[in-house]
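Here's the structure we're looking at; comments come further down.
The values are calculated or read from the model by the stated rules, or taken from the named source; none is laboratory data. Quantities reported herein were computed from a predicted structural model and do not represent experimental measurements. Don't worry about glycine lacking a Cβ; one is built from the backbone with ideal geometry, like all the others, and counts go over all protein chains shown. These accessible areas exclude ligands, DNA and RNA; they are computed on the full protein's heavy atoms, side chains included. Shrake-Rupley method; radii C 1.70, N 1.55, O 1.52, S 1.80 Å.
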Amino acid sequence: MLAMRAYELMVIIVGELDDTAAEVVVRRIDDQVKAKGGEVRTTERWGKRRFAYEIDHRYDGYYVVFEVLAEGGALDDLERQLRLADDIVRHKLIRLPDREAARRGLLEGQAAPAATA
């Protein structure tokens, strides 16, 4: 079994959807992570925000940030699906460094490293 890694996924859902439809998209992403053996630790809904500039002829979108634990490579298919999805304006998946993941309490069995002076 590969080691679990911590990821942060930010998704911008199209603003033309109503709140209920946006929530369906959030649940779909959550289900896709779980289907790949991952675990969504937190889901922060930032709400509907106006873009600083036009993106794909759109001016606003729903921002959602997920903190995810998954094995390395397990989220490759999710990223492909997000790239192809019509209801996703943009997404960004980053692997959190182990130090940051431990600081956030995402990795069990690893204490946050002591700060150096």
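Descriptive notes on the structure:
- Residues considered: Leu106, Leu82, Leu93, Leu78. Of these, the only one that is open to solvent by 20 Å² or more (accessible area, probe 1.4 Å) and in contact (Cβ under 8 Å) with a residue 24 or more places away in the chain is Leu93.
- Total residues in the stretch 92-102, condition closer than 16 Å to Val40 by Cα and either assigned to a helix (DSSP H, G or I) or not β-branched (Val, Ile, Thr) (or both): 6
- Conditions (1) without any contact (Cβ under 8 Å) to a residue 40 or more places away in the chain; (2) of a type in the set (Asp, Glu); (3) surrounded by 15 or more Cβ atoms within 10 Å (Cβ to Cβ); number of the one not met by Asp98: (1)
- Here Arg28 does not qualify as farther than 15 Å from His91 by Cα and of a type in the set (Lys, Arg).
- Checking the stretch 66-77 against the condition returns a match, with at least one residue being over 17 Å from Ala3 (Cβ atoms), modelled with pLDDT under 95 and under 17 Å from the mean Cα position of the chain (by Cα).
- Residue in the stretch 52-67 that is closer than 22 Å to Ala21 by Cα, in contact (Cβ under 8 Å) with a residue 60 or more places away in the chain and surrounded by 12 or more Cβ atoms within 10 Å (Cβ to Cβ) present: yes
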